[in-house]
Amino acid sequence: MSEKTIPSPCVNICYLDDNDICQGCYRSGEEITAWMRLDNEGRKQVLANVQERELASSLVTHVKL
């Protein structure tokens, strides 16, 4: 039985910040470009990176100065 292909995390809010990170899905420009060529293991790694970036982003925006 073959594993179902992991879908793109794109949420159609496509804006790359100064660090080349999409503000909609938190993938880098390189990860977005490579997505269609990645197998599920590669996609899982990208999604782990996305999760780390999203968590870091929410921590930064919730810091009180």
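Read-outs: derived from the displayed coordinates by stated rules, not from any lab. None of these values were measured; they are calculated from a predicted model. We place every Cβ from the backbone using ideal geometry, glycine too, and count neighbours over all the protein chains shown.
For segment 1-40, which chymotrypsin sites (Phe, Trp or Tyr not before Pro) pass both filters: DSSP loop (anything but H, G, I, E, B) and at most 14 other C-beta atoms within 10 Å?
Those satisfying the criteria are 15.
Okay, helix-only estimate at 222 nm for the chain: each DSSP H run of n ≥ 4 adds -39500 (n - 2.57), divide by all residues, round to 500 deg cm²/dmol; what do you get?
Dividing the helical sum by the residues of the chain leaves -14000 deg cm²/dmol.
Quick one: compute the contact order of the chain, relative version, from alpha carbon pairs under 8 angstrom and 6+ residues apart, as a percent.
So the answer I get is 24 percent.
Can you sort 28, 8, 58 so the residue with the fewest Cβ neighbours within 10 Å comes first?
In order of increasing Cβ crowding within 10 Å: 58, 8, 28.
If you line up the long axis of helix 40-61 against the longest principal axis of the chain, both from Cα atoms, how many degrees apart are they, to the nearest 10?
The two axes meet at around 10 degrees.
Starting from the 7 Å offset along Cα-to-Cβ, what nm value, one decimal, do you get for the label separation of residue 19 and residue 52?
My value for the distance between the label points is 1.1 nm.
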